[in-house]
Amino acid sequence: LTVRSIDIAGKMSVDSNEHSFTTKKVGAPTNLIASQITETSTVLTWTAPTDATSVKDYGIYSKNVLLATSTGTGTTYKLTGLTPETIYSLTVRSIDNAGKMSVDSNEHSFTTKKVGAPTNLIASQITETSAVLTWTAPTDATSVKDYGIYSNNILLATSVGTGTTYKLTG
């Protein structure tokens, strides 16, 4: 770069001395880990770069595909919408105020949990054409949205919602 003086008439001086410099890279996060892993979510935690003054956000990536953006300078993010029983390998990148990104953090891999199975199924109030089914929800039922009622691997009915009682008719 050089600098020139400009007078009130708009006339310019010759160039000052030339000075070159290189801007700093956006620092990369480190120590990425996943905890509180469920069927469909995990909590990610990382360490901010040493010089994090320009960091505005963090991008969460899986094999160079952006999964989510953690807005702000916090170093914890709950990632949701994951698929049960799936291996994920994630990295985090710092994003500065100009939108420039750091290189990837360390890669961290984990496997989401299986969808838990209901237990303690019992039938009560049995008649010629109906029965009331009751069961216990899985211990970690965070991803359960409905229950399927089966007989010999054939779906008979769907109990909509997370309730654990269903009146089976017909």
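Quick note: the coordinates plus some simple rules give every number you see, no bench work behind them. These numbers were taken from a predicted model, which means no experiment stands behind them. Cβ placement follows ideal geometry from the backbone for every residue including glycine, while neighbour counts extend to all protein chains displayed.
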message: Running a GNM on the chain with Cα contacts under 10 Å, which residue among 133, 67, 90 ends up with the highest mean-square fluctuation?
response: 133
statement: Computed for the chain: size of charge dipole around the Cα centre, +1 on C-beta of each Lys and Arg, -1 on C-beta of each Asp and Glu, debye to nearest 20, value 100 debye
query: What is the dipole size for the stretch 47-116, taken about its Cα centre, with +1 at each Lys and Arg Cβ and -1 at each Asp and Glu Cβ, in debye to the nearest 20?
result: 220 debye
task: Rank by packing, highest mean first: peptides 68-81, 147-160, with packing defined as the count of other Cβ atoms within 10 Å averaged across residues.
output: 68-81, 147-160
- prompt: Each residue of the stretch 29-35 in order: what ³J(HN,Hα) in whole Hz does its phi give by Karplus 6.51 cos²θ - 1.76 cosθ + 1.60, θ = phi - 60°, with x for Gly and Pro?
  reply: x, 9, 6, 5, 9, 10, 9
query: Which ³J(HN,Hα) values in Hz, rounded to whole numbers, follow from the phi angles of the stretch 87-97 under the Karplus curve 6.51 cos²θ - 1.76 cosθ + 1.60, where θ = phi - 60° and Gly and Pro get x?
result: 8, 10, 10, 10, 9, 10, 10, 6, 10, 8, 4
- request: Using a 10 Å cut-off on Cβ atoms, rank the peptides 49-59, 18-28 from the highest mean neighbour count down.
  value: 49-59, 18-28
query: Relative to the Cα centre, what is the charge dipole magnitude of the stretch 1-53, using +1 at the beta carbon of each Lys and Arg, -1 at the beta carbon of each Asp and Glu, and rounding to the nearest 20 debye?
result: 100 debye
